[in-house]
Amino acid sequence: MSIKNYVRLEFQSLPENVSFARSCVGSFASQIDCTLEEIEEIKLVVSEAVSNSIIHGYDNRTNEKIFVMVTIADDRCLEIMVEDRGKGIADVKQAMEPTYSSDETRMGLGFTFMKSFMDDMEVISSPGEGTIVKMRRTFMSHEKEAYA
Amino acid sequence: MDIEMKQVRNTLIVKLKGELDMQVADKLRKELDKKLENEKIENLIINLGKVTFIDSSGLGVIIGRYKKVSSRKGKMYIVGANPSVEKILVFCGINKLVPIYGSEQDIINI
């Protein structure tokens, strides 16, 4: 896999940085030949992952750090990694179930969106050790689609 | 996010503008609940015409208000959602609980 470009962000766990993070990643992802609809899906999954870090990882504490790394590989593959150093998840499998949420106001949809709009998703977490969410999506070529 | 509220008889019409995420969800939830608890409101129309983004925090506010409104036998509608916002609403099945219409006029014409 050859890395074409990458960006690494580090920011404070403030709610206003959720829109900052998704806008940055959406803008970076537009270097791939993908549709506006696909960019919107990428922005959504970043929003969910960063919101999870603030709400669940840090229990809404605003003075913590969140790290986002985005890589474009092999021209068409986008990899996103969102990391926090928060409280971690005891049962990752349970947390990823569609109806599960420790916060009833968000319906437990965050991981559902991430799984649905990305090709692969991996959550690495344990109590007290923070959480890393890795997601990958390969976009089809719209150039070929246009000629099909 | 701009929140504009207008009450027409027993219906609260809420026009939202901007991005509906965790940064604004709590404020929106509190403002809607204050109105729903203090005024004689039966029905709720949420106009998403100028909402450019929604995630699970925003969806949670909508579902939570649907539960409140329906528990009082009221009705709730969403109007004007742009295609990308409507796609998310349909994806998570909110449209099965809260009908989505093109405009407020469409609801009056039902």
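This ranking places B:M76, B:M5 by how few other beta-carbon atoms lie within 10 Å of each, fewest first, which gives B:M5, B:M76. For the stretch A:1-73, the Cβ-based charge dipole about the Cα centre amounts to some 300 debye (Lys, Arg positive; Asp, Glu negative; other atoms uncharged). Take each residue of peptide B:20-31, count the partner chain Cβ atoms within 10 Å of its Cβ, and average: the result is 4.
Given R0 = 22 Å, the distance between the Cβ atoms of A:K4 and A:T35 translates into a calculated FRET efficiency of 0.70.
Towards the positive end of the charge dipole of chain B, with charges on Cβ (+1 Lys, Arg; -1 Asp, Glu), say which of B:I94, B:I108, B:G49 has the farthest Cα. With unit charges placed on the Cβ atoms, the residue in question is B:I108.
Remark: the stretch A:68-79, residue by residue, has Karplus-estimated 3J(HN,Hα) of 10, 10, 10, 10, 9, 10, 6, 6, 10, 9, 10, 10 Hz, where x stands for each Gly or Pro and the curve is 6.51 cos²θ - 1.76 cosθ + 1.60 at θ = phi - 60°. A crude spin-label estimate for the pair B:E42 and B:K96, with each label 7 Å from Cα along the Cβ direction, gives 2.8 nm.
What's the magnitude of the charge dipole for the stretch B:16-103 around its Cα centre, counting Lys and Arg as +1 and Asp and Glu as -1 at the beta-carbon? Answer in Debye, nearest 20. For the stretch B:16-103, the charge dipole is close to 340 debye.
Other protein chain C-beta atoms within 10 Å of residue C-beta, averaged over B:47-58: 5. Between B:D55 and B:L20, the built amide H atoms are under 5 Å apart, and every one of these is 5 or more places off in sequence or on another chain. State the answer as a single residue: which of A:L9, A:C77, A:C34 lies farthest towards the positive end of the charge dipole of the stretch A:3-147, with beta carbon charges of +1 for Lys and Arg and -1 for Asp and Glu, about the Cα centre. The residue sitting farthest along the positive end of the dipole is A:L9.
Using just its DSSP H runs of length 4 or more, each adding -39500 (n - 2.57), the protein assembly as shown gives a mean residue ellipticity at 222 nm of -11000 deg cm²/dmol after division by all residues.
In this calculation the C-beta distance from B:K68 to B:N109 is compared with R0 = 25 Å, giving a FRET efficiency of 0.45.
Ordering of A:36-44, B:18-26, A:61-69 by packing is B:18-26, A:36-44, A:61-69, highest average first (other Cβ atoms within 10 Å, averaged per residue). Rounded to the nearest 20 debye, the dipole magnitude of the protein assembly as shown is 1060 debye, with +1 charges on Lys and Arg beta carbons, -1 on Asp and Glu beta carbons, and the Cα centre as origin.
Just so you know, all these numbers are worked out from the coordinates, no wet-lab data involved. From a predicted model like this one, the values you see are computed outputs, not experimental measurements. Counting neighbours? That spans all protein chains shown, and the Cβs are built from the backbone with ideal geometry, glycine included.
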